[in-house]
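Please find one structure pasted underneath; my questions will follow.
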Number of protein chains: 2
Amino acid sequence: MFNIFKNKAKEEKNKLEKFFNPSSVAVVGATANLGKVGNTIAKNLLELGYSGKVFLVNPKHDELFDRKCYKSLEEIEEAVDLAIVAIPADFALEAVKKSSEKVKNFVIVSAGFSETGMEGKRKEDELRAIAEEKNLNILGPNCLGFINPKIKLNASFAGGMSEAGNVAFVSQSGALVVALMDVAKKENIKFSNLVSVGNEMQMNEIALIEYFGEDENVDVIGLYLEGIKEGEKFVEVARRVSAKKPIVVLKAGKTDRAQKAISSHTGALAGSDAIMNEAFSKAGVVRAENLENFFDLIEVISKSSAVKNENVIVVTNAGGPGVLTTDAFENKKIKLAEIENKTKEKLREFLPSESSVENPIDLLGDADEVRYSKTLEVCNDTEAGSILCLLTPQDQTPVEKIADEIIKFKRNTDKNVLVAFIGGEKIEKALKKLQESGIPNVPFPDRAVLALEKYYKWGKARESLFAVSETKKNQARVKKVEEIIFKAKNDGRTALFFSEAAEIMGLYGVNTVDFANVKDGMPGGLNFGFPMVAKVDSDKTLHKTDKEGLILGIKNEQELDEALGRLRKNFPNENLIIQPMQDIKMELIVGIKHDASFGPVVVYGLGGIYTEIFKQVNFLISPMNAEEIQKHLLASNIGFLFQSTRGQKPMDVSEMAEILHSVMELAREAESVLEFDINPLLVYNNKKAVAVDVKIII
Amino acid sequence: MFNIFKNKAKEEKNKLEKFFNPSSVAVVGATANLGKVGNTIAKNLLELGYSGKVFLVNPKHDELFDRKCYKSLEEIEEAVDLAIVAIPADFALEAVKKSSEKVKNFVIVSAGFSETGMEGKRKEDELRAIAEEKNLNILGPNCLGFINPKIKLNASFAGGMSEAGNVAFVSQSGALVVALMDVAKKENIKFSNLVSVGNEMQMNEIALIEYFGEDENVDVIGLYLEGIKEGEKFVEVARRVSAKKPIVVLKAGKTDRAQKAISSHTGALAGSDAIMNEAFSKAGVVRAENLENFFDLIEVISKSSAVKNENVIVVTNAGGPGVLTTDAFENKKIKLAEIENKTKEKLREFLPSESSVENPIDLLGDADEVRYSKTLEVCNDTEAGSILCLLTPQDQTPVEKIADEIIKFKRNTDKNVLVAFIGGEKIEKALKKLQESGIPNVPFPDRAVLALEKYYKWGKARESLFAVSETKKNQARVKKVEEIIFKAKNDGRTALFFSEAAEIMGLYGVNTVDFANVKDGMPGGLNFGFPMVAKVDSDKTLHKTDKEGLILGIKNEQELDEALGRLRKNFPNENLIIQPMQDIKMELIVGIKHDASFGPVVVYGLGGIYTEIFKQVNFLISPMNAEEIQKHLLASNIGFLFQSTRGQKPMDVSEMAEILHSVMELAREAESVLEFDINPLLVYNNKKAVAVDVKIII
C-alpha cells in the first residue's frame, strides 16, 4: 500500500529532476528591449550566476547580448534541458509543438490561455494534448516562472536571486513570489525553489508537493493557494508528505461565492472555507491565518527543528510584555512551562531579588547580557522544548550583547529558541545579527506564540498521518438505491418520499422512525399508537414547519381526523404520512454537502434551533473509517454528548460513528443524490438513535 | 448633568496644567554617576532642549554638570514647578514632606513603596496622606516618569525625545513607554505626552484620561493597562471622553486568576476579561487585540480623521494580495465598496482591459505611478470613506513614484488613505516618504483592515455615548430584602429558601413559579396539580441535578409519595418543595457576578446544557436603564429569540429587558447578596416568563 505511494513520489521526483536542475536553458522570446519580459528573463539567466548553458531564441536577431541568437529551439545543435517561452500564446503553442521531440521541459510565461476565455481555453487544451502526447513537463502557462537559488537559476521574470536554503515556495500568485523574495531578504529566509504555477495546466501544487516532498534539500513547503481542483488527491498527497515535513498553506478566497439556491438545510449551512479547514486538518497541513502569519511560519519553521513538547519558557526584561505574552498563550496548545523548584533556586542564585523566577522569567529592566546568558543556561537543563526571549530596549539594555549571548546559546542547545525584540532603531543591529545566525525573530509575542503553536500542532498531528483509509463501493446496494431514485425521477419527482428514503436508510443500517402512508382514511395494522405526528410528504414542501405542513402532538382519533383534514385542505394533492411522536433528548442534524474541491462531504452538528443559531457544524472529508470518525466526533463541538456530564449517562459514540460512516458511504455510492439530510436525528443515552425526517433531493 | 462633568474635567485640566508644562524642574538625586537613574534624568533635562529652568539637588555635591547643586528643594530660592525624585523611598518621603509648601508637583520614580509589601505600603499611605493634606500632584511612585515633547521635557529615565504631536500615551508599564518611543520613531508617530504611572498612588489612568480629554493638542489617547481599580468611574470618564476623541486601550492580563470556589452557576461561568470587554464597549473605548494591533491603531488613528463610512476601496497591483484583502473584510463592520457603473466606465478609459474594475481594483503587475494616480482621482469622486492602497514591488514597479502620487493625492482628499506595501528592501525608501507625509502604512492587509474597522466602530459608537443613566436605590425595598437575608443568616443559613427568594423576586416584579413547602405530608389548598416537580430546597444542595435532589415529571399521588420518600431518605433534614411542572420553550440563565473592577455585573444567556457548552454569556455593567438593556439584548447572542424566525412568533424583548433591569437593581441594592442566579428562567412567546429556580447566596 505505502510502497505504491512511494513509487509514485519517486516517479514524480525523477520526472521533474531535470526540469528544476537543467544543465542548459533556452529563452524563447529573448530581447534587448528593456522592460520586456523576454529581456528580464535573458538577463536573469546571464547575469545572476547560472553556470549551465544559455541559448537565446528570437527569429528577428542573429545576435543578442553579444552572443549568438537562434531562430528557433530546433536550430540549437545541443541538448536543451529547459525552455522558457515568453512570446504570444499562438507562437508559444507553435514553438512547443515544433520542438517537442527535442525539448521536454517548458516554462510558459506567456498569457493569453485559459485565463482569457473560450479561445484561450482552446489553445490551452491543445497545449495540454501535446504535453500528454509527447510526455512534456510544462509549468504555466501565464506564470512568472521559477527560481532555483542553489544553481543560481532564475527562470522567471522576477528580478534578483534569493539565497539557497531549505524552503520550497509554490504560489498561485506571481506577485507573492516577488513579495516573499523581498521580505525573505530582510528576514534571511533561504529557498530551495520559488515556483509560480500560473494556470496550472499540468504542473500543479499536488505534483510539486510530491516533488519537494522527496527533495532532501527542502525542510518546509510553503503554498499560496486560491483554489484546489483535485481535492481528494490533494489530501492524499499532502497527508503523505506532511508526515515527513511541514507544508504551510496560505489559502485565499475564504469568502463564499454566491451560493446556488439550495433546498436542504445542510447545503445552506456549510461554508466551503470551513470544509477547506477540515481538509487541511485531515492532510496534516499547517494553515496560516493570514499573510503575516504565513511569513512568520516560514521563518520559524525553516529556522528551527520540530517543537519537542508543548512547554515554553519565556525570558523577558520587562513585566508588561511578559503579561502580554502570558495572554498570548490563552487557548493555545502550547503553554508556559511550570518552572521547577530546583530551577528557581538556581535562578535565584544570580538574579536580583525583585526578579520573577516564575514563567515568564523577568530579569528586570536593567538586565545585561550576563543575566540573559546565565538564565538561558539554567533553562537549558529543563524539560521545556522552546525558549522565547523577549526584549524591550531600555536605557541601559546592551541589546547587541544580549543578541550575541542568545546566538551563542542557540549553538549549544537542542531547544527551539525564538526572539521577540520590541522596538525600532535601538534593536535594528541586533536583529540583523540574530537573523544572520538563523534565529527566528517574530517581533510581537502574539505572533511568535501563534507560529510556534502551529508548528507544534503539525508535529503532534504527523503521528496520526497514516495512509488514508480505502473504501470499496457495495455494488448491490448501489443498484438498489439507483432503482429507487430512477423510479422517483420517472414519476417526475425531485425528492424521495419518506418511505423511499427510509428504505435507503435501511440499506445503510440507519434506523428511521416508524410511519404509515395515509391515503383516504386511516391505514390499518399500525405498529404505533398515540401521540402521533401528521405531516405532508412531498418534494414541493421541503421546509415543513414554515408552511404548516407538520402537526405535532396528536392525542386521539378525533385530533388525527382534524389534523389530516387540515393537511388535505392545505396540500390537496400531496402524500401525507403519520408517525409516532418521539420524545426528544437531543436533536442532531446530519447531511451531505457537495464541495467543488472535495466532492461529497458529510456534515453533522446540533439540530433544532441550535443549528442555525450557532452555525457550528462539523465536516467529514471522505474517505474515513468508523474509527477515524469516532475520533473526529469526540473532538468535535458535539463531543460533550459522549462524555458524562453532571451525572448524566453519555450517548453512544460508536453508534453515532456508524451512522456517519453509513452516510459517508451513501455519499460516495449514490451519485444521483444531489442533496441529503437527516433532520432531526434523535439520539438518546438509553435507546437507539432514530432518523425522524430524511430528505433526499435527486 | 453634563455641566457637572464638564466642570470636573476642567478642574482636572487646571490642576495638572503646571505639572505637565512646568517652567522649572528640579531633580532630587541628580548625580554624575553613569548608569544611575538620577544621572539619566539630569541629562535628559539638560541635554534634550528643555528651555525651562533646571535645578539639581543632591546634598553630597555643591556642583554637578558645571552648575550649582542644591542640598535640598527648600534651599532653591526660586519657584520649582515640578520636582523629580530619584532617591530611596525613605528619603523620597522625607523630601516630599519637607518641601510640600514650596513644591506642588512631583514625579517619584523611586521604588520601594506598595509594590514591595507591607512596609512599602505603609510608606505609600503616608505619602498619599501628605499629598492629600498639602494638595500635591504626585505621579508614581515606582514609575519611569513622563515626557512632554512639545516643550522638549523628558522628566523620566527613558533616554531620547519623541517628536511633538497628537498622541497621549499612558502606561502601567514603563518598558512599553520605551518600546513605543522606539517603534514610533520608525513609524513617525508623534506624541503630546508619554506617561508612566507606576503605582498609581494618586495620578491614575482616570485622572489622565480626564486631563488629556481636555487637551486640544491630543487627538488620541493610548492606554496600556494591566488593571483598573475604580471600574465604574473609569467607564463614566472614558465614555465622556470617548465621545470627543478615541481612547485606545491595550489591556493585558486576560487570563483569569485562580477563581475562588463559587457556588452559583453564573459565578463560575463569567470570565473577568469578558466583563472588561463589555466595560470597554460601554465606555466607547477602542480595545486593541494585542500589542501589534495597538501600535497599528495608534498609527492609523493619529494620522487620519474619523472614518466617514463603512465603504472602503482597495487599489492593488496584484491579484493575490487583493484576494487576501477581500478575505480580511469577512465578518467586519467595514466592507469593500460597491463600485458604481459610472466609476467603472471612467476607470476603463485608461486601465488595460485585463485590469479589474471591481473592488479590489486591480491595476495589474506592470502598473506605474500614472495608473495609480488616475485611479485614485477617479475614486475620489465616489462615496467611499477610505482608500487602501496595496503594492507588491514587482520588477517594473516604480515604488517611490507611486508613493509620491499617493502623498500628493492625500493632500487633496478628505478620504482616509492607508497603504499596505508588502516587501522588504524594495519598498523601504517609499515607506519612509509615506511615513514622513503622515500616511499610515500597515504592512499587511489584515492588520490595515482590522485597525480601520476599529476606528470606524469608535465613530459609530460615539453617537450613542450620551451620559450614563443614573439610578436611585429604592430604600423601602432595600430594607425588606435586608430583613429577609438577616433572618436567614440568623438561622445559620448561607442560602435563601425558595420561598424567601421568591418573595424578593416579587419585590422586583419578577414572576416565579408556584410552589408549596412540604413538611411531613402534602400541603393542602394547592393552586396547581400534576405533573409536578419535587426538589430539595437547601443551602447544602446547590447543584440539585448532580446529587439527585430534583425529581421531574411526577404524574400522580403515588409517584409523588415515592418521590418525597426518596428525597427525605437522601436529604433527611432538609426542606423539600413541590412545584408544577413547566413546559419548556426556551431556558435562559440570569445571574449576578461580582467583579473586582466593575462591582456587581448582570450575566445572561442561554440556559440548560447550552450554558456550559457554548459558554457564550452576556454581561450588563450597571448602571443601565431598561431601554439600554433592550438594545443590548437585541445585539446579544440571544437576540435571535426576539426576532421571528421560520414563522415562529418572537419572544417579548421588553419583558426580558425589565427582568434584567430588575436584577440589576437588586444587584445594586442588596449588598449582602454574594451570589445570585435564576436558572432556569423559562421564556415563551405566548405567556409570561417564569423563574423556576432562584439561588441567592448570602
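Would you pick out the residues in the range A:206-250 that are in a loop (DSSP other than H, G, I, E, B) and in contact with a Pro (Cβ under 9 Å, 6 or more places away or on another chain)?
Hit for the range A:206-250 is A:219, nothing else.
Hey, any hits in the range A:598-619 for a residue that's assigned to a loop (DSSP other than H, G, I, E, B), more than 14 Å from chain B (Cβ to nearest Cβ) and either surrounded by fewer than 19 Cβ atoms within 10 Å (Cβ to Cβ) or modelled with pLDDT under 85 (or both)?
no
Then there's this: Kindly indicate whether any position in the range B:4-21 is closer than 17 Å to residue B:157 by Cα and surrounded by fewer than 19 Cβ atoms within 10 Å (Cβ to Cβ).
No, that holds for no residue.
Here is a yes/no grid of residues against (1) at pLDDT below 95; (2) more than 8 Å from chain B (Cβ to nearest Cβ); (3) over 20 Å from residue A:378 (Cα atoms); (4) buried (at least 24 other Cβ atoms within 10 Å of the Cβ):
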{"position": "A:285", "(1), (2), (3), (4)": "no, yes, yes, yes"}
{"position": "A:301", "(1), (2), (3), (4)": "no, yes, yes, yes"}
{"position": "A:306", "(1), (2), (3), (4)": "yes, yes, yes, no"}
{"position": "A:311", "(1), (2), (3), (4)": "no, yes, no, no"}
{"position": "A:318", "(1), (2), (3), (4)": "yes, no, no, yes"}
{"position": "A:323", "(1), (2), (3), (4)": "yes, no, yes, no"}
{"position": "A:327", "(1), (2), (3), (4)": "yes, no, yes, no"}
{"position": "A:341", "(1), (2), (3), (4)": "no, yes, no, no"}
{"position": "A:344", "(1), (2), (3), (4)": "no, yes, no, no"}
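Sticking with this one: Give the residues of the range B:127-159 that are farther than 21 Å from residue B:217 by Cα and touching an Asp or Glu at 6+ places or on another chain (Cβ under 8 Å), sorted by residue number.
Of everything in the range B:127-159, those that are farther than 21 Å from residue B:217 by Cα and touching an Asp or Glu at 6+ places or on another chain (Cβ under 8 Å) turn out to be B:134, B:141, B:142, B:157, B:158, B:159.
A further question follows. Given the structure, is residue B:44 within 26 Å of residue B:193 (Cα to Cα) and modelled with pLDDT under 95?
no
Residue check, residue B:167 against (1) touching a helix residue (DSSP H, G or I) at 6+ places or on another chain (Cβ under 6 Å); (2) open to solvent by less than 30 Å² (accessible area, probe 1.4 Å); (3) within 14 Å of chain A (Cβ to nearest Cβ), all met but one. Which one?
(3)
Now for a different question. Does residue B:54 fit the bill of being part of a helix (DSSP H, G or I) and either open to solvent by 80 Å² or more (accessible area, probe 1.4 Å) or under 29 Å from residue B:14 (Cβ atoms) (or both)?
When the stated conditions are applied, residue B:54 does not pass them.
Here is a follow-up. Just to be sure before I move on: is residue A:187 surrounded by fewer than 24 Cβ atoms within 10 Å (Cβ to Cβ) and within 14 Å of chain B (Cβ to nearest Cβ) in the structure I sent?
Yes.
Does residue A:382 meet the test of being assigned by TED's automatic domain parsing to the domain that holds residue A:325 and under 20 Å from residue A:354 (Cβ atoms)?
no
With respect to residue A:155, is the statement that it is assigned to a helix (DSSP H, G or I), at pLDDT 95 or above and among the small types (Gly, Ala, Ser) true?
For residue A:155, the condition - assigned to a helix (DSSP H, G or I), at pLDDT 95 or above and among the small types (Gly, Ala, Ser) - is not met.
Select the strands (runs of 3 or more DSSP E) contained entirely in the range A:467-579, then report the ones holding at least 1 residues which are modelled with pLDDT of 90 or more.
Hits in the range A:467-579: A:516-518, A:532-536.
Given the conditions (1) within 35 Å of the chain's Cα centre (by Cα); (2) within 14 Å of chain B (Cβ to nearest Cβ), and given that residue A:382 satisfies all but one, which numbered condition is not satisfied?
Of the numbered conditions (1) within 35 Å of the chain's Cα centre (by Cα); (2) within 14 Å of chain B (Cβ to nearest Cβ), the odd one out for residue A:382 is (2).
Still on this structure, I have one more. Since residue A:30 meets every condition but one in (1) surrounded by fewer than 22 Cβ atoms within 10 Å (Cβ to Cβ); (2) part of a loop (DSSP other than H, G, I, E, B); (3) more than 14 Å from chain B (Cβ to nearest Cβ); (4) under 40 Å from the mean Cα position of the chain (by Cα), which condition does it not meet?
Condition (1) is where residue A:30 drops out.
Does residue B:432 meet the test of being within 14 Å of chain A (Cβ to nearest Cβ), in a helix (DSSP H, G or I) and either open to solvent by 40 Å² or more (accessible area, probe 1.4 Å) or among the aromatic types (Phe, Trp, Tyr) (or both)?
Against the criterion (within 14 Å of chain A (Cβ to nearest Cβ), in a helix (DSSP H, G or I) and either open to solvent by 40 Å² or more (accessible area, probe 1.4 Å) or among the aromatic types (Phe, Trp, Tyr) (or both)), residue B:432 qualifies.
The rows are residues; the columns are (1) under 25 Å from residue A:329 (Cβ atoms); (2) surrounded by fewer than 23 Cβ atoms within 10 Å (Cβ to Cβ); (3) free of Cβ contacts under 8 Å to residues at least 12 places away in the same chain.
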site: A:368; (1), (2), (3): no, yes, no
site: A:375; (1), (2), (3): yes, no, no
site: A:380; (1), (2), (3): yes, yes, no
site: A:390; (1), (2), (3): yes, no, no
site: A:404; (1), (2), (3): no, yes, no
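Among the numbered conditions (1) of a type in the set (A, V, I, L, M); (2) buried (at least 21 other Cβ atoms within 10 Å of the Cβ); (3) over 24 Å from residue A:690 (Cα atoms), tell me where residue A:629 comes up short.
The number of the failed condition is (3).
Are any residues in the range B:194-238 open to solvent by 30 Å² or more (accessible area, probe 1.4 Å) and under 12 Å from residue B:139 (Cβ atoms), and if so, which ones?
Across the range B:194-238, the qualifying residue is only B:202.
Might you let me know whether the range A:266-279 holds any residue that is surrounded by fewer than 20 Cβ atoms within 10 Å (Cβ to Cβ), at pLDDT below 95, more than 23 Å from residue B:323 (Cβ to Cβ) and within 14 Å of chain B (Cβ to nearest Cβ)?
Within the range A:266-279, one or more residues are surrounded by fewer than 20 Cβ atoms within 10 Å (Cβ to Cβ), at pLDDT below 95, more than 23 Å from residue B:323 (Cβ to Cβ) and within 14 Å of chain B (Cβ to nearest Cβ).
Considering only the range B:224-235, state which residues are in contact with a helix residue (DSSP H, G or I) (Cβ under 8 Å, 6 or more places away or on another chain) and more than 13 Å from every other protein chain (Cβ to nearest Cβ).
Matches in the range B:224-235: B:228, B:230, B:231, B:233, B:234, B:235.
The values are calculated or read from the model by the stated rules, or taken from the named source; none is laboratory data. Remember, it's a predicted structure, so these values are computed and weren't measured experimentally. Cβ atoms come from the backbone with ideal geometry, glycine included; neighbour counts cover every protein chain shown. When the accessible area is computed, the model is the full protein with side chains, heavy atoms only, and any ligands, DNA or RNA have been set aside. Shrake-Rupley method; radii C 1.70, N 1.55, O 1.52, S 1.80 Å.
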